[in-house]
Amino acid sequence: MSSPRKLTILYGSQSGTAQDLAEQIWRDSKLYHLRGSVAAMDEYDIGQLIEERFVVLVCSTYGQGEEPDNMKRFWRFLLRKSLPLDSLRGMWFGVLGLGDSRYPKFNYVAKRLHKRLLQLGGQAMLPVGLCDEQHDLGYGAVFMPWINDFWKRLVELSPIPDG
């Protein structure tokens, strides 16, 4: 199991917005004395996922409920029937979705990803965040309270060391 003070941040982004938020989370993680990395889901060595303790996954939904291009391989791997249902039992995670409520499959990818991680034994640190481009305040209306709740939960699970 990797260090409890490590946070891995993965994103699936079609237009770059999910990547921008993922990178913001990574920068903010330094305030919590966390080390870790940020990467597109398809650039991440998915074999390492079972070793992770804390993971944030930021993903957009585009078109008619489709996952971003840089998330497709990652998603296909997670859907394998051969994966043991307890394979992610040591992982705490948060999923943040970016979508547009004008579409029927609003944040479909984030909802499916959250559900699949639970099926594989992952433990949700908080409910899936469903950011809406149509909100008067944009994605920030959901992102800001969601990320604040995420940091609070992470500090409960892995307190910041003294010094």
Out of the residues in the stretch 25-60 meeting the condition of being assigned to a helix (DSSP H, G or I) and hydrophobic (A, V, I, L, M, F, W, C), tell me which one is surrounded by the most Cβ atoms within 10 Å (Cβ to Cβ). 41
Among residues of the stretch 97-123, those that are more than 17 Å from residue 77 (Cα to Cα), assigned to a loop (DSSP other than H, G, I, E, B) and within 15 Å of the chain's Cα centre (by Cα), counted: 1
Considering each of 82, 87 in turn, give the residue that is among the polar types (S, T, N, Q), outside any helix (DSSP H, G or I) and without any contact (Cβ under 8 Å) to a residue 24 or more places away in the chain. 82
Condition met for residue 159 (of a type outside the set (Gly, Ala, Ser), surrounded by fewer than 19 Cβ atoms within 10 Å (Cβ to Cβ) and more than 14 Å from residue 97 (Cα to Cα)): yes
Those residues of the stretch 85-120 which are among the charged types (D, E, K, R) and surrounded by 18 or more Cβ atoms within 10 Å (Cβ to Cβ) amount to 111, 112
Sole exception among (1) surrounded by fewer than 21 Cβ atoms within 10 Å (Cβ to Cβ); (2) closer than 24 Å to residue 6 by Cα; (3) touching a Phe, Trp or Tyr at 6+ places or on another chain (Cβ under 9 Å); (4) modelled with pLDDT of 95 or more for residue 130, by number: (2)
Mind checking whether some residue in the stretch 61-76 is in a loop (DSSP other than H, G, I, E, B), farther than 22 Å from residue 139 by Cβ, touching a residue at least 12 places away in the same chain (Cβ under 8 Å) and not polar (S, T, N, Q)? no
Can you name the number of the only condition in (1) out of contact with any helix residue (DSSP H, G or I) (no Cβ under 6 Å at 6 or more places or on another chain); (2) farther than 26 Å from residue 150 by Cα; (3) modelled with pLDDT of 95 or more; (4) charged (D, E, K, R) that residue 73 fails? (1)
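The values are calculated or read from the model by the stated rules, or taken from the named source; none is laboratory data. This one's a predicted model, so the numbers in the text were calculated from it and none came from an experiment. Ideal geometry is used to build each Cβ from the backbone, glycine not excepted, and the neighbour counts take in all protein chains shown.
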